[in-house]
Amino acid sequence: MSGREHGHDPALPHHASVAVPAASATDELEVVPGFERENLQGWIPDLATETDIRAVIEKAFDYRGDVTISRKDGSQITGYLFDRRAGKTLGDSVIRLMLPDTNQRPAIPYSEIAGLAFTGRDTAAGKSYEAWVKKYWEKRQKGEKNISIEPERLE
């Protein structure tokens, strides 16, 4: 159980207690439906408004591939978006990229971003637990022995 479920919600006073669900209810919570990952690879979203920019940057932050940023000065930079810091204005907000073949980590203000494209391959695509279980059972049905439980390399 998480802290909240166990009654350790930081928003509650220490002396408050939270009712713990009955055992049958917690058993039902053990199996949670998965979620579909969006296929963003190749997507070039329209960045017409501040809301669009902020929403697309959040998606890019969750993306497990490289993105190409087009700046308002006409330059482009491609890398893995590993950090974003949202401020009150676009000028106060920045993203940081890891560039291939270099240790540079440039910071780019949201206000300089003219466009963003999801150009790199999403290394996490198809690497879900469900996909792993399916491959495991396929190997087992073929009669393979000593099937490894090690995860596949993401490359």
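No value in this document is a laboratory result; all are computed from the given coordinates. It should be emphasised that the depicted structure is a prediction, and the values quoted were computed from it without experimental measurement. Glycine gets a Cβ as well: all are built from the backbone with ideal geometry, and neighbour counts include every protein chain shown.
Taking a straight Cα-Cα cut-off under 17 Å and skipping sequence neighbours fewer than 8 places away in the same chain, the lysines within cross-link reach of Lys134 are Lys142, Lys145. Segment Lys142..Met98, full-extension length gain: 11.7 nm, with 0.36 nm per residue of separation and the alpha-carbon distance subtracted.
Given R₀ = 22 Å, FRET efficiency for Ala114-Thr49 by Cβ-Cβ distance, to 0.05? Given R0 = 22 Å and the Cβ-Cβ separation, E is 0.95. Peptides 89-99, 48-58, ordered by how many other C-beta atoms sit within 10 Å of their residues on average, highest first, read 89-99, 48-58. The lysines within cross-link reach of Lys88, meaning a Cα-to-Cα straight distance under 30 Å and a gap of 8 or more places when in the same chain, are Lys59, Lys72.
Each residue of the stretch 86-92 was assigned a 3J(HN,Hα) from its phi angle through the Karplus expression (A = 6.51, B = -1.76, C = 1.60, θ = phi - 60°), giving 8, x, 6, 10, 5, x, 7 Hz with x at Gly and Pro. Between Asn39 and Lys72, the simple label model (points 7 Å from Cα in the Cβ direction) yields a spacing of 3.5 nm. Taking amide H positions as modeled 1.01 Å from N, with prolines and chain starts lacking one, the residues under 5 Å from Asp66 and 5 or more places away or on another chain are Gly120, Arg121.
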